[in-house]
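The values are calculated or read from the model by the stated rules, or taken from the named source; none is laboratory data. Keep in mind it's a predicted model, so treat the numbers as computed, not measured. Note: ideal-geometry Cβ built from the backbone for every residue, glycine included; neighbour counts use all protein chains shown. Remember, those area values only see protein heavy atoms, side chains included, never the ligands or the DNA or RNA. Shrake-Rupley method; radii C 1.70, N 1.55, O 1.52, S 1.80 Å.
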Amino acid sequence: MKIKYLRLPGMKIGVMVAGALLLLSQPAFSSAIIEGQRMNPVQGREGMAVTSHFLATQSAREVLKNGGNAIDAAVTAAFSLAVTQPRSGNIGGGGFMLISSEQKDEVVAIDYREKAPGKATVDMFLDKDGNADSQVSRYSHLAAGVPGTVAGLAMALQQYGTISLKEALVPAIKLADEGFIVTPRFSDGLKAKEEMLKKWDSSKRIFYKADGSYYEPGDLFIQNDLAATLKRISENGIKEFYEGQTAELLVAEMAKHGGLISMDDMKNYSPGLRTPVHGNYRGYDIYSMSPPSSGGVHVVQILNILEGYPISEYGHNSAQTIHLMAEAMKRAYADRSMYLGDEDFVKVPLKGLTSKKYAAALREGIDTKKATPSETIAPGKPLPFESNETTHFSIVDKYGNAVSNTYTINFSYGSGIVVEGAGFLLNNEMDDFSSKPGVPNAYGLIGGEANKIEPNKRMLSSMSPTIVKQDGKNFLVTGSPGGSRIITTTLQVIMNVIDHGLNIQSAVAAPRIHHQWLPDQLRVEEGLSPDTVKRLQDIGHDVKQKSAMGAIQSIMIKDGAMYGGADPRRSTGLAAGL
Ligand code: DON
């Protein structure tokens, strides 16, 4: 198979010019919702899969083609990503899956976020002077939370799927066993993280050739240890991962290097079924991830604030729209710092944070003509940054099911530590706890008491897998990587569709903005006009253009047709319909 890569200004777009994948993408066609728009989404009528890696999209599409449902396809895609995209696809991390069934008229959330080990302590990342040591919370064995991915995916299949775990693992095992062709993105990622990965022999052996040289585009990449681990899971079920040889390998890795995860931690891990956060925006029902994610809460909160303004009239990415978005974002992130944490441990004022009345009160504090300095914004009263990667995929089927899944090992390649003999990377999710009140994590996010480290607690996340329904029907399936930018990226795709009428591909590709209260900075992608930036500066925003934010793999369903929008910010992404 020949792969040709085109470079467009500011974006890398990988284009398959020959081979099976061309057969996968249906020719885009015009319909009422895409006429006059700038970019054409991929279209399908019987199913759609959008992931950040074409091989995972292909695995998922195959499942749908064989009559499997969206949950079967999602679990298959997740395992395929664990092999083809080790920087974020994983079995050593955790995540969230939202499942919407039109037939049952229900949306459920599977929380398979990692948990702190039983021996974790509140001050485990503080040095002798009481300062938070980010080296330890990010790059050591202490950085790893108890992985939830295998249990979460198995739960999804068992409760909502139609195929077995064994069947869902087939493509992943084949990809690990027989290997796949290295893309420029895969090769570039490993080159960029050489220092972090070569620190550990177990990682060096997997990700670099025997002489230490790089895998280059076009090379075949085989993962024998990972293939063996996946085969054991296939044979013995999830017990293998949590109680069997895989657990023993992980715990031995911990014991050898001062990590905390014990056999008991592994055995006691369980994913949870949660009720998603529900909101309403201009007549659409928004379902998104509940705590231990802050994502859903703040997507809904920001939409509630913005609902009070004629956003569509102000126009897409106009200075006025961006100003109001930034002001709403600041207030939400201030609240995040104070109130959000794992609901199994702390009471999160969900009702208040997502109420229209609270949003109206916050709106009163917004000057529509001037930026409010973040230092004057404190968390309200709802009661009466590095190259990182997480990955999101969206899948829908012909039976009315939609799956929105985001999972992660936190940084690209997580902690950089491969479990010796098991072939998979450990997450460094413990850094998402607030190691010390007021000290920002890797994404500049500040937290406090609600997100302090406690044994068996889940660390706060920003991952926001989201499903929007219209008149009881699945309408939009979306979500993104991007650390603190996940929430605002997701928000913008929802607004681009609902407020600005963009088709899903344009909505996904459009330049994005982000404000997270602290630092008091309006981050923008390239693509905003200079006079828009000037107007924002004139009214008090500190505008900084930085690298692209997020990779929001999304689907929109309209009049029985499924439209897939893969984010051009990921060169390997692919939407494929049936
Ligand atoms: O759960 C979270 O919010 C973070 N661990 C996500 C990290 C992330 O998205 C990195 N990627 N771009």
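Some values worked out for this structure:
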| item | result |
| --- | --- |
| At q = 0.19 Å⁻¹, base-10 log of I(q)/I(0) for region 392-467 (Debye sum, equal scatterers on each alpha carbon) | -0.91 |
| Apportionment of accessible area to carbon and sulfur, the chain, percent (1.4 Å) | 52 |
| Solvent-accessible area of residue 277 with every protein chain in place, 1.4 Å probe, in Å² to the nearest 10 | 10 |
| Coarse-grained scattering of region 117-264 at q = 0.16, 0.18, 0.21, 0.22 Å⁻¹, given as base-10 log I(q)/I(0) from a Debye sum over alpha-carbon atoms | -1.10, -1.24, -1.32, -1.33 |
| P(r) tail fraction, region 363-522 - alpha-carbon pairs more than 19 Å apart, % | 66 |
| Alpha-carbon gyration tensor eigenvalues x 5, square-rooted, for the chain, Å | 33, 29, 22 |
| Bins of 10 Å, starting at 0 and running to the largest distance - Cα pair percent for region 253-308 | 21, 29, 19, 17, 12, 2 |
| Largest to smallest accessible area among 173, 417 [probe 1.4 Å] | 173, 417 |
| Inverse mean reciprocal Cα-Cα distance (Kirkwood Rh) of region 306-393, Å | 14.9 |
| Pairs of Lys in region 337-431 closer than 27 Å at Cα, counting only those 8 or more apart or on different chains | 12 |
| Accessible area of residue 399 in the full protein assembly, 1.4 Å probe (Å², nearest 10) | 90 |
| Filter on 166/198; 115/544; 267/452; 191/267; 104/166; 239/457 - keep pairs with C-alpha separation over 30 Å | 166/198; 115/544; 191/267 |
| Solvent-accessible area per residue for the chain (1.4 angstrom probe, square angstrom) | 36 |
| Value of Rg/Rh across region 325-373 [Cα atoms, Kirkwood radius] | 1.03 |
| Estimated FRET transfer efficiency when R0 is 41 angstrom, pair residue 360-residue 131 (beta carbons, to 0.05) | 0.50 |
| Loop-located trypsin sites (Lys or Arg not before Pro) in region 231-275 whose Cβ has at most 10 other Cβ within 10 Å (DSSP) | none |
| Candidate lysines for bridging to residue 193, where Cα separation is under 21 Å - those fewer than 8 sequence places away on the same chain excluded | 12, 204, 209, 546 |
| More than 16 Å apart - percent of Cα-Cα pairs taken over region 485-578 | 59 |
| Over region 446-538 - Rg/Rh using Cα atoms and the Kirkwood inverse-distance radius | 1.05 |
| Solvent exposure ordering (accessible area, 1.4 Å, most first) of 128, 191 | 128, 191 |
| Partners for residue 330 among aspartates and glutamates (Cα-Cα distance below 19 Å; same-chain residues under 8 apart left out) | 307, 364, 367, 375, 520, 525, 538, 542 |
| Cα-based Kirkwood hydrodynamic radius, region 211-284, one decimal, Å | 16.1 |
| Eligible aspartates and glutamates near residue 473 by straight Cα distance, threshold 12 Å, same-chain separation 8 or greater | 102, 105, 106, 285, 559 |
| Accessible-area order (highest first, 1.4 angstrom probe) of the listed residues 439, 122, 107, 348 | 122, 439, 107, 348 |
| Rule-of-thumb Rg ratio for region 151-217 [Cα; 2.2 N^0.38 Å; N residues] | 1.49 |
| Relative contact order for region 70-161, counting Cα pairs under 8 Å that sit 6 or more residues apart, in percent | 35 |
